[in-house]
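S.K.: The structure's right below; bear with me while I get my questions together.
Values in this text are rule-based calculations from the coordinates and carry no lab data. Keep in mind that what you see is a predicted model, and the values were worked out from it rather than measured. Heads up, the Cβs are rebuilt from the backbone with ideal geometry, glycines too, and the neighbour counts pull from every protein chain shown.
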Amino acid sequence: MKKQNARSLTGLIDAAFQSVAEKVIEDAMRTGTPVILWEKGQVKKVPPDELEPLIKRRSRKKTKSRKRGKK
């Protein structure tokens, strides 16, 4: 029972982080400000004009992971 609850909680946390990340990216695009990320062990400053491909890449990953989970 505890493992199932932990998985449910992990799923909720992942969904919350994803939601917040999407809002941050939308705000950055709207205001023209960069987004600061941690990627490959480094801090990366992503200018607003590079955020669109980032969103598309993340949504493709999300779609692939959902398809794998439905097996």
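S.K.: Listed highest first by mean packing, meaning other Cβ atoms within 10 Å per residue, what order do 36-46, 15-25 come in?
M.R.: Put in order of decreasing packing, that is 15-25, 36-46.
S.K.: Okay, next question. Tell me, what is the percent relative contact order of the stretch 1-53, built from C-alpha pairs under 8 Å that lie six or more residues apart?
M.R.: For the stretch 1-53, the relative contact order is 23 percent.
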